[in-house]
Amino acid sequence: MAESPFKADIERVQKEYSEKMTPGAIAVIPGSSVINKTGSWRVFMPEFNRDKCVRCYLCYIYCPEPAIYLDEENYPVFDYDYCKGCGVCANECPTDAIIMVRETK
Amino acid sequence: MPIRKVMKANEAAAWAAKLAKPKVIAAFPITPSTLVPEKISEFVADGELDAEFIKVESEHSAISACVGASAAGVRTFTATASQGLALMHEILFIAAGMRLPIVIAVGNRALSAPINIWNDWQDTISERDTGWLQFYAENNQEALDLILIAYKVAENEKVLLPAMVGFDAFILTHTVEPVEIPDQELVDEFLGEYEPKYAYLDPARPVTQGTLAFPAHYMEARYTVWEANENARKVIDEAFAEFEKKFGRKYQKIEEYRTDDAEIIFVTMGSLAGTVKEYVDHLREQGIKVGVAKMTVYRPFPIEEVRALAKKAKVLALLEKNVTFSVGGALFQDFSRALINESEKPKIVDFILGLGGRDVTFKDLDEALAIAQKALNGEAVDEVNWIGLRKEIL
Ligand code: SF4
Ligand code: SF4
């Protein structure tokens, strides 16, 4: 995986958070959402079948996170660091290109 | 020159808001506070107040809009009462936790059910654990003054907490009294422009407000709200002193009246303090040694002042228009906390009265006095007493 473009920010956020509480718990350096991986509590994960996908982008539009990006050929790509497994994408997909499967380690 | 106008407390609150020059006012009408946003919307429409007046569809939205505006870095104001304040409840915690110095004017009104639009203090008392500062006005002048003072304290860098100013439904909100409107220049000097140090939006300084805090940081964040409340004690005294110097009206966290040689001191808040002062004058004529202590500041709870007060009396008779079920009144809890470890302490007798706009008459106060006098003579009395209760219909 490529290194995060936010790496420097993340380190500063971690330092700032651990050392000093600001009034109102304001995160004074942006980027905290990059270190808080909200995909960690997922139970089901979307599994993608590229052959069935018609690139309608309903999943892309409806993902509440949004954890769906598009690749060079404009097919959806799922970011499992932030996908919370809500299943909205699978429900919206008109061709069943996305199915939700129980996640196992 | 300050001008004197005859007005209701609701108008006084609107005038206070006008003088404080908030940039955003968001409000939803609710009895008995409706006139506050109405009057402010007039000021805005007439170009007398340069502010954004946001009409919202509920109090939850009103306070949310204030949180957003305050987080963006401007002075904000709203007004509400009763169920409206209760509807704001969850956002009140957020405003305090985010350390946003919003000011709310509250026309203290009873909570449902049954539906009741008249006065008691259950609405603001129920919000005592949100972190907000709380002031209570005895009359319309105090409603105006305390809102200005509330801004001064709330915006202090050592405090940065929201504040609510309560004034009794109908008894004050809809009753006219002469009110002195201070000079705008003096108010400007007193308050200054609000210059947020932490909570503001600036594209050149991106920050995240209203953050998520994991267990590793939540307690510390809550502690800073605690600390800010502690700091507010001194800041309030300073604000009162400065206000007196500028405007000539003196405020104290606990205002005492004829307490110096009192054996029984009635403790109360809001407009009831005025009634009880009259009552005490009346008793003094009969040689009965009684006094009154009025709580102008309820949060932060003035523990030191309560301890000093307790040294003066043999009995503290708390007169409260609120109930903390199975305990008594909120003041009863707070006074108990302040005095529990004192080596010498007076008897504390709690009286619940005047709920839902029930008039508090001298006859009711006689009833309370008789119980307080029994306690003074060492006789056993109930800790909590409902005064003026119509037992015949129970
Ligand atoms: S499961 Fe939910 S969060 Fe995950 S990609 Fe689909 S819509 Fe987005
Ligand atoms: S909704 Fe289904 S078909 Fe449409 S882009 Fe997403 S995966 Fe492809």
ask   = Just from its helices, what would the mean residue ellipticity at 222 nm be for chain B, if runs of 4 or more DSSP H residues each count -39500 (n - 2.57) and the sum is divided by every residue, rounded to the nearest 500 deg cm²/dmol?
value = -13000 deg cm²/dmol
query = What whole-number value in Å² describes the accessible area per residue of the range B:100-243 for a 1.4 Å probe?
reply = 40
ask   = Looking at chain B, which longest stretch skips every one of the trypsin sites (Lys or Arg not before Pro) that is in a DSSP loop with at most 12 other Cβ atoms within 10 Å, leaving the sites themselves out?
value = B:1-196
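Could you check how much of the accessible area of the protein assembly as shown is carbon and sulfur, as a whole percent, using a 1.4 Å probe?
Numbers: 12430 of 23570 Å².
Whole-percent figure for carbon plus sulfur exposure: 53.
A:Asn49 to B:Glu90: FRET efficiency via 1/(1 + (r/R0)^6), r the Cβ-Cβ distance, R0 41 Å, to the nearest 0.05?
Given R0 = 41 Å and the Cβ-Cβ separation, E is 0.45.
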query = Taking a 28 Å limit on the Cα-Cα distance, which of the listed pairs B:Lys5/B:Lys197; B:Lys21/B:Lys250; B:Lys39/B:Lys246; B:Lys250/B:Lys289; B:Lys250/B:Lys312 fall beyond it?
reply = B:Lys5/B:Lys197
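Which FRET efficiency value, to the nearest 0.05, is calculated for B:Ser58 and B:Leu186 with the Förster distance at 30 angstrom and r the Cβ-Cβ distance? Walk me through the numbers before you get to the answer.
Details: r = 36 Å, r/R0 = 1.21.
Step by step, r from the Cβ atoms, then E = 0.25.
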remark   = Along the range B:170-186, Karplus-curve 3J(HN,Hα) (6.51, -1.76, 1.60; θ = phi - 60°) to the nearest Hz, with x for Gly and Pro, reads 6, 4, 10, 4, 10, 10, 8, 8, x, 10, 8, 9, x, 5, 4, 4, 5
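Ratio of Rg to Rh for the protein assembly as shown, alpha carbon only, Kirkwood?
Values: Rg = 27.3 Å, Rh = 25.3 Å.
Result: Rg/Rh = 1.08.
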task = Just the number, please: percent antiparallel of the DSSP beta bridges in the range B:1-134, rounded to the nearest 5.
result = 0
query = If you stretched the chain out fully between B:Asp366 and B:Tyr223, how much longer would it get, using 0.36 nm times the residue separation minus the C-alpha to C-alpha distance?
reply = 47.1 nm
key: Average partner coverage of B:195-207, which counts Cβ from other chains inside 10 Å   = 2
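Give the ranking of A:Leu70, B:Leu201, B:Leu92 by solvent-accessible surface, highest area first, calculated with a 1.4 Å probe.
Details: A:Leu70 60, B:Leu201 120, B:Leu92 0 Å².
In descending accessible area the options line up as B:Leu201, A:Leu70, B:Leu92.
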inquiry  = Residue by residue through B:210-216, how many Cβ atoms from other chains fall within 10 Å of the Cβ on average?
reply    = 4
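Determine the total buried accessible area between chain A and chain B, counting protein heavy atoms only with a 1.4 Å probe; round to the nearest 100 Å².
Values: alone 7560 and 17250 Å², together 23570 Å².
Its buried surface, counting both partners, is about 1200 Å².
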ask   = For the range B:172-238, with equal point scatterers placed on the C-alpha atoms only and solvent neglected, what are the log10 I(q)/I(0) values from the Debye formula at q = 0.16, 0.20, 0.23 1/Å, to two decimals?
value = -0.94, -1.06, -1.12
task = Could you grab the relative contact order for the range B:146-253? Cα pairs under 8 Å, six or more apart, rounded to a whole percent.
result = 38
The range B:249-394: relative contact order as a whole-number percent, Cα under 8 Å and 6+ apart = 23
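What FRET efficiency comes out for the pair B:Ser326/A:Asp96, r = Cβ-Cβ distance, R0 = 51 Å, nearest 0.05?
Working: r = 57 Å, r/R0 = 1.13.
FRET efficiency, B:Ser326 to A:Asp96: 0.35.
The values are calculated or read from the model by the stated rules, or taken from the named source; none is laboratory data. Since this is a predicted model, take the numbers as computed values, not measurements. For neighbour counting, all protein chains shown are included, and Cβ atoms are generated from backbone atoms with ideal geometry for every residue, glycine included. When the accessible area is computed, the model is the full protein with side chains, heavy atoms only, and any ligands, DNA or RNA have been set aside. Shrake-Rupley method; radii C 1.70, N 1.55, O 1.52, S 1.80 Å.
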